[in-house]
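First the structure, in the form of structure tokens, and then the observations on it.
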Amino acid sequence: MYSCDTIRGYELTTHTEHSPPGLREQMKDGHTEYINTPPSVTRLKDYLMDIFFAREDENNRDVVGVTGSLGAVSFHDALAAVAASFLTMDTHYIRRTTADYTDQALEFGSMFTSYVGPLGIKIRLAINPMYDSARYCKTYHPIYTEYPIDSARLTFMDFGSTGMQQNIMALKVKDTYRHATMMGTVG
């Protein structure tokens, strides 16, 4: 089970009586899509184009994909599958290294962490360790049972701005106060 969420243009505000709503509560009316296969480049592109089409200019389609370890590996695998036809013996994947037993040692590998797509789409990946924590997510992935299901979640966040206003920000409501209790005090 994989999930793609998007948050865009919400204000995270403080409340006087209780704590502010969490990120997922803020995203309830956002664009949520559940898929039961690892994401592909086409799926990611189509998902973001459905959100951006006729809503955002091409120069304002840069998002951060927050995910856990399983989501990062799935993101890499999706991009590597498409890039395989372009890669040759280059210095990005295959490079010289050292080894005690040979002077002809090579190493292989890299990890894709961002994607630039058509019409201004750009995804930069950020790994959030809380997505991998069984302390915060008690439901395990149905296929990769050693991972919490949130490890595969991709949450797209748009940290850009519209005009002079940031898309995501923490605000204090004007003329409000923060109330707290201290043990041992009266009144």
For region 28-43, in residue order, the Karplus 3J(HN,Hα) values (coefficients 6.51, -1.76, 1.60; θ = phi - 60°; whole Hz; Gly and Pro = x) are 3, 9, x, 9, 10, 9, 9, 10, 10, 10, x, x, 9, 4, 4, 5
Taking a straight Cα-to-Cα line shorter than 14 Å from LYS122, and setting aside same-chain aspartates and glutamates fewer than 8 residues away, one finds ASP46, GLU56, ASP57, GLU58, ASP62, ASP158
Protection proxy (average C-beta count within 10 Å per residue), highest first, orders 109-116, 61-68, 40-47 as 61-68, 40-47, 109-116
Once amide hydrogens are built 1.01 Å from N within the peptide plane, the residues lying 5 or more places from HIS31 or on another chain with amide H under 5 Å from its amide H are THR6
Under the 7 Å Cα-to-Cβ spin-label approximation, THR102 and SER40 lie apart by a distance in nanometres of 3.7
Here FRET efficiency (C-beta to C-beta, GLU33 to VAL82, R₀ 22 Å, nearest 0.05) is 0.65
Applied in sequence order to region 129-137, the curve 6.51 cos²θ - 1.76 cosθ + 1.60 (Karplus, θ = phi - 60°) yields integer Hz couplings, x standing for Gly and Pro, of x, 5, 5, 9, 8, 6, 5, 9, 10
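All of the numbers you see were taken from the coordinates with simple rules; none came from a lab. All of these numbers come straight from a predicted model, not from anything done at the bench. Glycine also receives a Cβ, built like all others from the backbone with ideal geometry; neighbour counts cover every protein chain displayed.
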